[in-house]
Ligand code: FAD
């Protein structure tokens with residue numbers, strides 16, 4: 001079922017959903033199930049599965065020269081989606097990237113998803129590969145997520161890349177896109193970022209999931225700005241509980257989001273990461289309760305492959 005249909009069916013009640021990462025190459029799919037199992041009692045209508053593009057590593061050869069190798073450390077997004085739908089009978093939402101994909105790769109990827117009975121996709125640009133500063137699309141790929149949304153919409157209308165295809169079957173994907181309450185790191189301003197977010201919606205995206213934020217006011221202001229710009233689709237808040245001291249520096253650096261001073265000081269005063277987890281869970285419970293009181297359709301948790309703190313939050317919230 002489509003995310004938009006889940007929202008309609010929930011009739012104003014906030015529902016629980018979460019996102020998982022495929023396991024590192026070499027690990028078993030059981031590691032995924034072990035993290036999903038404890039969260040199923042909260043009846044998530046869908047589970048997102050992230051996509052991880054290739055990375056370049058350099059291996060030193062015997063002669064001292066370096067050899068560039070392409071590796072995918074977390075393959076398996078499509079297989080995990082199929083396994084989730086099969087095992088839990090809930091919708092699995094694969095993330096689909098521009099990065100690393102030609103339009104032809106994208107079309108074939110979407111055909112696989114359609115054949116597997118997947119109803120929703122999250123359309124994203126992806127980041128630059130680690131060795132580069134700026135995002136570079138493939139030669140025959142997409143520069144922006146809005147171009148990817150456009151391709152998905154074309155397929156939803158039966159328009160494949162090969163225009164000579166006759167009687168081609170349309171897909172029927174519901175499309176999610178990313179939104180950034182504190183603006184995307186490359187955007188010159190929040191207004192310009194919302195301008196391009198609107199473009200993704202105009203091209204056919206059906207709902208927005210936000211980047212993590214730790215101050216609900218940022219989310220409320222972002223929603224107000226989006227509505228003022230005429231964006232009417234659901235805006236699902238994404239939440240992540242802090243769990244280590246290291247994240248105090250890593251999160252602002254990597255995701256360009258601010259942490260409120262009260263949260264920072266509470267984490268600084270923790271004696272160990274067990275205490276940090278408790279602070280993070282408590283903070284996230286309070287954020288969740290306030291968001292529910294403001295009628296958000298879903299609370300979407302970034303589990304980062306660990307379910308225990310998400311379970312502790314969900315127990316208090318749902
Ligand atoms: P876009 O919407 O293309 O925007 C990228 C930048 O370009 C923004 O600054 C925007 O303002 C600007 N822009 C957009 N259109 C134009 C235009 N026409 N002209 C000029 N500027 C423009 N990454 C992964 O690798 N895998 C994942 O599974 C994944 N899941 C995510 C899930 C969520 C909910 C979120 C919020 C992020 C996720 N990401 C993931 C990270 C995401 O790929 C990065 O944040 C990426 O840098 C931007 O992706 P986007 O889809 O928002 O890009």
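Ellipticity at 222 nm from helices only: DSSP H runs of n ≥ 4 in the chain, each -39500 (n - 2.57), divided by the residue count, give -12000 deg cm²/dmol. Using C-alpha pairs under 8 Å with a sequence gap of at least 6, the mean separation divided by the residue count of segment 3-239 gives a relative contact order of 14 percent. log10 I(q)/I(0), Debye, Cα-only segment 273-318, no solvent, q = 0.14, 0.17, 0.19, 0.24 Å⁻¹? So the normalised log intensities work out to -0.32, -0.47, -0.58, -0.88. For segment 170-209, the relative contact order works out to 56 percent when only alpha carbon pairs closer than 8 Å and six or more residues apart are counted. Applying 1/(1 + (r/R0)^6) with r as the Cβ-Cβ distance of residue 258 and residue 11 and R0 = 30 angstrom yields a FRET efficiency of 0.30. In whole angstrom, segment 167-318 maps to an equivalent ellipsoid with semi-axes of 30, 18, 15, each derived as √(5λ) from the alpha carbon gyration tensor and ordered largest first.
Taking the DSSP beta bridges with both ends in the chain, the antiparallel portion is around 20 percent. Take the alpha carbon atoms of segment 5-23, find their center, do the same for segment 257-318, and report the distance between the two centers in whole angstrom. Going from one Cα centre to the other spans 18 Å. Assuming R0 = 35 Å, what is the FRET efficiency of residue 278 and residue 43, from their Cβ-Cβ distance, to the nearest 0.05? Here the calculated transfer efficiency is 0.85.
Let me see the pair-distance distribution of segment 238-296: every alpha carbon pair, 5 Å bin width, integer percents in order. Bins of 5 Å from zero give 4, 18, 29, 24, 15, 7, 2, 0 percent of pairs. Counting neighbouring beta carbons within 10 Å and listing from fewest to most, the residues 263, 113 come out as 263, 113. Panel order for 58, 301, 207, by other beta carbons found within 10 Å of each beta carbon, from fewest to most: 58, 207, 301. Once both labels are positioned 7 Å from their Cα atoms along Cα-to-Cβ, the gap between residue 271 and residue 186 label points is 4.6 nm. Taking every Cα-Cα distance in segment 3-239 and sorting them into 10 Å bins starting at zero, the pair-distance distribution P(r) comes out as 7, 28, 35, 22, 6, 1, 0 percent. Give me the percent relative contact order of segment 83-141, please, defined on Cα pairs under 8 angstrom at least 6 residues apart. The value is 46 percent. Projected label points at residue 89 and residue 169, each 7 Å from Cα along the beta carbon direction, are separated by 2.4 nanometres. Measuring from centroid to centroid over Cα atoms, what is the spacing of segment 199-242 and segment 46-115 in Å? Between the Cα centres of segment 199-242 and segment 46-115 lies a distance of 26 Å. Among 246, 72, the ranking by other beta carbons within 10 Å of each residue's beta carbon, starting with the fewest, stands as 246, 72.
Taken together, the values in this text are just the output of simple stated rules run on the coordinates, not laboratory data. Keep in mind that this is a model prediction, so the values were computed, not measured. Note that each Cβ is placed from the backbone with ideal geometry, even for glycine, and that neighbours are counted across all protein chains shown.
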